[in-house]
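To start, the structure under review is shown below, and the notes come after it.
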Amino acid sequence: MARTQPELARLAGVSLSTVTRWMKDPNSVREASRVKLERANSKKSAPGHTEIAKYDRAWSESKILTPRQAFLIVGTIDLWQDYLDAMADSDEIDEISPFDSIDARVLFPASGNRLWLRHAGKEMRHHITMLTRGIHPVEHHHSFFDEVLFTTAISYAPSTEEQYLEAEIEMPGEIPLGDEEDFEDDQGVNAPWDDWGSLMERILLGWSPVADELSAILPFHVVDPHVEPSTIGEVSVPHPFEWFNNTIEGWGGFVEDDIESHLRS
């Protein structure tokens, strides 16, 4: 019996859009994805829940992400990586997700620079590898691009989740981060720590050391109306050519302090 597209996507660890393009034309996807899909399609018996179990093992004890959130963030970034591959001949940054959501004034210096886009694609693949292995991309010293990519992926992940549910793609269970660590936002509203909205708010109101810069160049106020956006004139946004320098302190300490403060209250 032929495998369904959602099953192939789960077994190969690629996005549903990648499966769709591969079935129409195997050469339309990058080689690594093609190899994964060919292997998944050639297997005679179902491998069980190996991919799901991998995320459960890697993220079940995390204080930042649940296995399901990590899985969906990877799916979101992988989709963007597909877009980047499909538009390899384009140098228009504002036509490629997620860069089309960034204030055009900020990325103007990198407009037409294909090397910048190739470097961005390399960092996307690095994020996917780290998240798949249970490593938080911004837990240690990292770059401004890491911050932009990770937080933007979080803001888009709920849409990815809806697409996966509609396509019946199997995902890790909604493993809570702990009832004792529910998050209370600045409006006094309690929300579980595995809620997308509260995750974004924790990032922009405490965890990210460049939260003001992020809120100035990205439309996060649409995702979380509780966050008052900064303006470009109020912050110092790095030049795009400096986005890949690992100059930002990791989130680890901020997260620990936030959790300890909450548990004491």
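Quick notes
- Test result for Ser101, at pLDDT 85 or above and polar (S, T, N, Q): yes
- Elements of type helices (runs of 4 or more DSSP H) contained in segment 159-240, each with 3 or more residues being touching a helix residue (DSSP H, G or I) at 6+ places or on another chain (Cβ under 9 Å) and at pLDDT 80 or above: 196-202, 211-217
- Cβ-Cβ under 8 Å pairs, at least 6 apart or on other chains, segment 193-214 side more than 19 Å from His142 (Cα to Cα), far side assigned to a loop (DSSP other than H, G, I, E, B) and among the hydroxyl-bearing types (Ser, Thr, Tyr): Asp194/Thr66
- Filter result (closer than 24 Å to Asp195 by Cα and not in a helix (DSSP H, G or I)) within segment 56-101: Ser60, Glu61, Ser62, Lys63, Ile64, Leu65, Thr66, Ser97, Pro98
- Residue in segment 27-42 that is modelled with pLDDT under 80 and under 21 Å from His142 (Cα atoms) present: no
The values are calculated or read from the model by the stated rules, or taken from the named source; none is laboratory data. In this text the structure is predicted, and so the values were computed from the model without any measurement. Quick reminder, even Gly has a Cβ in these numbers, built from the backbone with ideal geometry, and neighbours come from all protein chains shown.
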